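Data block below; observations after.
The values are calculated or read from the model by the stated rules, or taken from the named source; none is laboratory data. On a predicted model such as this, the values are computed, not experimentally measured, just so you know. Ideal geometry is used to build each Cβ from the backbone, glycine not excepted, and the neighbour counts take in all protein chains shown.
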Ligand code: FEO
């Protein structure tokens with residue numbers, strides 16, 4: 001049964017006079033990029049923008065949908081009318097039909113951001129013709145006749161290459177993945193489709209959130225614009241109250257947690273899980289050591305009792321992270337790995353990290369956690385502490401030293417490190 005108001009299966013859809021949606025719907029997709037759930041499928045949005053001097057095509061679609069893309073495109077323009085091809089982002093869900101489009105409109109230059117060059121080579125391989133490629137700059141302008149394109153450099157939303165295309169005469173922003181969501185509805189426009197707020201927020205949390213600083217930088221470019229429409233690369237076209245979505249990004253990218261600690265205090269989070277209370281004792285000692293340093297607010301959490309999601313929010317705002325885990329079967333335990341694996345959702349690069357834990361036989365957990373922290377680009381300034389079974393008073397003092405030294409790193413009170421190479425050798429043996 002056809003949905004009333006649904007887009008025709010093979011025709012372009014007018015978004016505004018002279019602007020058409022020429023994308024593709026993928027309603028049955030249930031996972032995107034393997035890791036992202038898409039309960040409502042998705043769409044690959046592409047657009048044709050007509051001026052008196054020619055047409056610009058902004059983005060294409062996933063390769064499997066090239067046929068419908070070209071059916072829609074050729075229903076609203078002829079190949080020889082294409083004056084410019086713009087790729088806001090080269091991920092395959094948007095560049096799948098690009099090689100064929102370049103062949104179909106050999107007269108049209110391709111406008112991409114400068115960081116996209118290297119990626120384009122990976123897509124076109126030997127078919128890359130550098131003379132057709134124009135790297136966009138803030139001052140780049142493509143005149144279509146009565147309409148012109150400009151480009152906002154918005155890197156890392158969510159790839160290094162991402163940009164937005166701005167048509168000032170209309171107030172239209174072709175935003176790529178930004179302000180998009182995986183929500184497929186054949187009625188296409190935000191004032192026609194069902195409630196997709198959860199999908200919009202979910203997309204932000206999983207795609208944009210790790211790049212929050214870049215989102216905030218991009219918002220400084222977008223917020224001053226007099227927006228009449230946002231045309232993202234996924235999900236509904238935002239023609240009703242487009243500023244609402246910009247404001248939502250501002251809310252989502254703004255730290256949500258009030259830090260009740262004194263202004264400028266550093267925050268250190270100590271997570272632990274303990275089988276017999278030994279790692280728990282160590283956690284308390286780490287906390288006490290960290291608390292001995294002024295200007296650090298230390299929080300202690302038992303992972304046996306908590307959901308991961310609230311901890312991810314805390315971690316995003318924290319300056320330092322310490323993880324304590326026993327070693328079971330040669331590994332750290334699952335709740336610790338669950339939390340560590342969820343850290344790909346936030347930017348933890350540059351935070352300080354450390355590990356500790358009690359063990360019975362071999363004690364691999366501490367080293368494995370440290371490796372993971374380094375892999376996430378945390379700074380791990382000193383070796384962790386591992387203790388065989390029940391910690392002695394000396395070993396608890398070592399845990400306190402770990403906490404204190406990490407706190408000193410956070411507050412800038414740490415002196416230059418003396419590296420004991422014999423200890424390093426002993427450790428790696
Ligand atoms: Fe929709 Fe990042 O591709």
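Does residue 220 qualify as being surrounded by fewer than 22 Cβ atoms within 10 Å (Cβ to Cβ), farther than 18 Å from residue 14 by Cα and away from the ligand (no atom under 16 Å from the Cβ)?
Taking the combined requirement at face value, the residue satisfies it.
If a residue has to be within 16 Å of the ligand (Cβ to nearest atom) and either surrounded by 20 or more Cβ atoms within 10 Å (Cβ to Cβ) or not in a helix (DSSP H, G or I) (or both) to count, how many in segment 66-95 make the cut?
Adding up the residues that qualify gives 10.
Quick check on residue 206: is it within 13 Å of the ligand (Cβ to nearest atom) and in a helix (DSSP H, G or I)?
So residue 206 passes the test.
Looking only at segment 96-132, which residues are within 13 Å of the ligand (Cβ to nearest atom) and assigned to a loop (DSSP other than H, G, I, E, B)?
Scanning segment 96-132 gives a single hit, 96.
Which is more than 12 Å from the ligand (Cβ to nearest atom), on the phi < 0 side of the Ramachandran plot and not assigned by TED's automatic domain parsing to the domain that holds residue 112, of 27, 8, 17?
8
On the basis of being farther than 21 Å from residue 133 by Cα and assigned by TED's automatic domain parsing to the domain that holds residue 157, does residue 93 make the cut?
No; evaluated as a whole, the condition is false for this residue.
Surrounded by fewer than 24 Cβ atoms within 10 Å (Cβ to Cβ) and in contact (Cβ under 8 Å) with a residue 60 or more places away in the chain: which single residue out of 194, 145 fits that description?
One residue alone meets the criteria, 145.
Mind listing just one residue for me: the one in segment 31-53 that is within 16 Å of the ligand (Cβ to nearest atom) and either part of a loop (DSSP other than H, G, I, E, B) or not assigned by TED's automatic domain parsing to the domain that holds residue 69 (or both) and, of those, surrounded by the fewest Cβ atoms within 10 Å (Cβ to Cβ)?
So the residue we want is 34.
If I filter segment 189-202 for residues that are touching a strand residue (DSSP E or B) at 6+ places or on another chain (Cβ under 9 Å), within 23 Å of residue 55 (Cβ to Cβ) and modelled with pLDDT of 95 or more, do I get at least one hit?
yes
Out of curiosity, is residue 59 out of contact with any helix residue (DSSP H, G or I) (no Cβ under 8 Å at 6 or more places or on another chain) and assigned by TED's automatic domain parsing to the domain that holds residue 193?
no
Taking residue 34 as meeting all but one of (1) in contact (Cβ under 8 Å) with a residue 24 or more places away in the chain; (2) under 23 Å from the mean Cα position of the chain (by Cα); (3) over 26 Å from residue 195 (Cβ atoms), write down the number of the exception.
The single condition residue 34 does not satisfy is (1).
Those residues that are surrounded by fewer than 16 Cβ atoms within 10 Å (Cβ to Cβ) and more than 28 Å from the chain's Cα centre (by Cα), I need them from segment 340-375; list them, please.
360, 361, 362
Would you say residue 112 is touching a helix residue (DSSP H, G or I) at 6+ places or on another chain (Cβ under 7 Å) and without any contact (Cβ under 8 Å) to a residue 40 or more places away in the chain?
No; evaluated as a whole, the condition is false for this residue.
For residue 159, only one of the following conditions fails: (1) part of a helix (DSSP H, G or I); (2) surrounded by fewer than 24 Cβ atoms within 10 Å (Cβ to Cβ). What is its number?
All conditions pass for residue 159, except number (1).
Checking the conditions here, which among 187, 212, 247 is without any contact (Cβ under 8 Å) to a residue 40 or more places away in the chain and either assigned by TED's automatic domain parsing to the domain that holds residue 43 or not in a loop (DSSP other than H, G, I, E, B) (or both)?
Result of the check over 187, 212, 247: 247.
Could you tell me how many of the residues in segment 162-174 are assigned to a loop (DSSP other than H, G, I, E, B) and under 19 Å from residue 249 (Cβ atoms)?
Of the residues in that region, 2 qualify.
On the basis of being in the same structural domain as residue 175 (by TED's automatic domain parsing) and more than 21 Å from residue 11 (Cα to Cα), does residue 78 make the cut?
Answer is no for this residue.
Can you tell me which residue among 183, 172, 189, 117 is over 20 Å from the mean Cα position of the chain (by Cα) and either surrounded by 22 or more Cβ atoms within 10 Å (Cβ to Cβ) or under 24 Å from residue 78 (Cα atoms) (or both)?
Just one listed residue meets the conditions, 172.
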